[in-house]
1. From the residues in segment 66-97 that are part of a helix (DSSP H, G or I) and small (Gly, Ala, Ser), which one is farthest from VAL133 (Cα to Cα)?
2. Only one of (1) more than 32 Å from the chain's Cα centre (by Cα); (2) within 13 Å of ligand 1 (Cβ to nearest atom); (3) surrounded by fewer than 18 Cβ atoms within 10 Å (Cβ to Cβ) fails for VAL60. Which number is that?
3. Here is a list of conditions, (1) within 15 Å of ligand 2 (Cβ to nearest atom); (2) out of contact with any strand residue (DSSP E or B) (no Cβ under 6 Å at 6 or more places or on another chain); (3) in contact (Cβ under 8 Å) with a residue 60 or more places away in the chain, and SER42 meets all of them except one; can you say which number that is?
4. In segment 131-149, which residue that is in contact with a Ser or Thr (Cβ under 6 Å, 6 or more places away or on another chain) and buried (at least 18 other Cβ atoms within 10 Å of the Cβ) is farthest from LYS88 (Cα to Cα)?
5. Of the numbered conditions (1) within 24 Å of MET200 (Cβ to Cβ); (2) more than 16 Å from ligand 1 (Cβ to nearest atom); (3) part of a loop (DSSP other than H, G, I, E, B), LEU54 satisfies every one except a single condition; which is it?
6. Output the residue which, of all residues in segment 98-123 that are touching a Phe, Trp or Tyr at 6+ places or on another chain (Cβ under 9 Å) and in a helix (DSSP H, G or I), is nearest to LYS46 (Cα to Cα).
7. Please verify whether segment 106-121 includes one or more residues that are buried (at least 22 other Cβ atoms within 10 Å of the Cβ), in the same structural domain as ARG160 (by TED's automatic domain parsing) and away from ligand 2 (no atom under 16 Å from the Cβ).
8. Among the residues of segment 65-82, is there at least one that is under 30 Å from LYS155 (Cα atoms), of a type outside the set (S, T, N, Q) and exposed (fewer than 12 other Cβ atoms within 10 Å of the Cβ)?
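The values are calculated or read from the model by the stated rules, or taken from the named source; none is laboratory data. As the structure is a prediction and not an experimental result, all values here were calculated from the model. For neighbour counting, all protein chains shown are included, and Cβ atoms are generated from backbone atoms with ideal geometry for every residue, glycine included.
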Amino acid sequence: MDEMVDLMGGQAAGINFKGNPGVILISGLQGSGKTTFSGKLSLYLKEKKNQKVLLVACDVYRPAAIDQLSVVAESVGVEVYKEVDNKKPVEISKNAIEYAVNQKFDVVIIDTAGRLAVDEEMMAEIAAIKEAVTPSETLFVVDSMTGQDAVNTAKAFNERLNFDGVVLTKLDGDTRGGAALSIKYTVGKPIKFVSTGEKMDALDVFYPERMAQRILGMGDIVSLVEKAQEQFDEKEAKKLESKIRKNKFDFNDFLAQMNQIKKMGDLKSIMGMIPGMNKLTKDLDIDNSAFTKVEAIIFSMTPDERKNPEILNMNRKKRIALGCGKSINDVNMFIKQFDQMKKMMQMMSTGKGMGNAMQQMRMKR
Ligand SMILES: Nc1nc2c(ncn2[C@@H]2O[C@H](COP(=O)(O)OP(=O)(O)OP(=O)(O)O)[C@@H](O)[C@H]2O)c(=O)[nH]1
Ligand SMILES: [Mg+2]
C-alpha cells in the first residue's frame, strides 16, 4: 500500500495558478472531459481559492463547442471569452489573456479542441498555443476508462507538451483507476485531479493514498502479481509448479509458501487484491495469527509426515493435536483445507482454469 502510494506520487501535488494572470492550458483527446473539467476547475478555483476566473473557448472546430463551454461557464458563474468568427486558437488565446489583464482576472483557463486520436495537426496546434501563452500550468485530461490507451496517449502528449500534471476523468464508472499507476510510472508526471461525475462539483484533488485504497480495495490483480513477483524466486516457483503438477505438494512446501506470503505483508490486504475476495474478506476476521495456528500444527508433524501428507491417519492426527496443544478438530480442519487447496492448485496448474476451480469449490459446500 505504501509503495503504491509512492508509485503514484506520494503527496498530493498542487497546481500553479499564480501569475498575471495565471494561465492553465487544458489538453487531451476528444471526449476525454476537457470542457467539463474546465468548468469544474473554474468552480474549484473560484470557491476554494477565491480566484476570478476567465474561461477561454479555443475549440473552434466543433460548431457547438463554444456554446457548450458557455453553458458550463454559466452554471459555475464565471465569464467566457469567445471569438465566434475567429478560427485561430493561438490568436484567440493571446487576445483572451490581454482581455484578462485589462479586466483584472486572476486565472485564465484555456479549453482546447480534442481529436479522436493523437495526430500531428492537433499536437502542433496545442504546442503553438502553449508557446504563445506560456501557461503556469499545462494539464493533460484523460479518460480513465480507456485503460492502456490512456498510458500511450499520455506519453504522446507529454513528449510534445511536457505537461505538468494529469487529470483522470470518469472515475465514477467501474474503472479501477489502474491507469493512474501506469501513467505516473510511465510518464513520471503527477496526477493532480480526478473527476468523478458530470456535475460541476464532482472534482477531487488527487490523493495518492485514496487511489491506492481504491485500487487495492477493488481488487487489483496486476499489483498483486507484481508484489508476488518481487518476493518469489523464479527458480523456486518453477520447482513448486512441477511439484503441484505431480501432486507432490507437501507440508514443507506449504510452510515455505506461507513464509513468502508473510513477507508480502498483511494477509487481509493481500486477499483484498484478489478480485472478488474483497467482499468475502471484509467481514472476516483474518489476521496473521491464522498462520501461527497452522504453523504450530505443521511443526508437530514428523519430517516424514510433512513430506507425505497421505500417511496422516487418525492416530497420527491425535498425536499432532496433543503435540501442538490444538484440538483434534483444528488438526482435521487444517488437513482438509490443505487437501482442498492442493486439489485446487493442481487443477489450476494443469490448465483447467480458475473458473473451473471456483466452481468445484462451490459444489463442495
Ligand atoms: N460520468 C462522467 N462523465 C464525464 C466526466 N467528465 C466528463 N464527462 C462526460 O463526458 C462527455 C465528454 O466530456 P467533454 O467535457 O465534453 O469532453 P471534451 O474533452 O471537452 O470533448 P471535446 O471537446 O469533444 O474534445 C460529456 O458527456 C461529459 O458529461 C466524469 O468525470 N464522469
Ligand atoms: Mg470540449
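1. Going through segment 66-97, the residues part of a helix (DSSP H, G or I) turn out to be 66-76, 89-97.
Next, from what is left, pick out any that are small (Gly, Ala, Ser): 70, 73, 75, 93, 96.
Details: SER70: 22, ALA73: 21, SER75: 26, SER93: 7, ALA96: 10 Å.
By that ranking, first place goes to SER75.
2. Condition not satisfied by VAL60: (3).
3. (2)
4. The extreme case among them is SER144.
5. Among (1) within 24 Å of MET200 (Cβ to Cβ); (2) more than 16 Å from ligand 1 (Cβ to nearest atom); (3) part of a loop (DSSP other than H, G, I, E, B), the lone unmet condition for LEU54 is (3).
6. ALA100
7. yes
8. For segment 65-82, residues under 30 Å from LYS155 (Cα atoms), of a type outside the set (S, T, N, Q) and exposed (fewer than 12 other Cβ atoms within 10 Å of the Cβ): absent.
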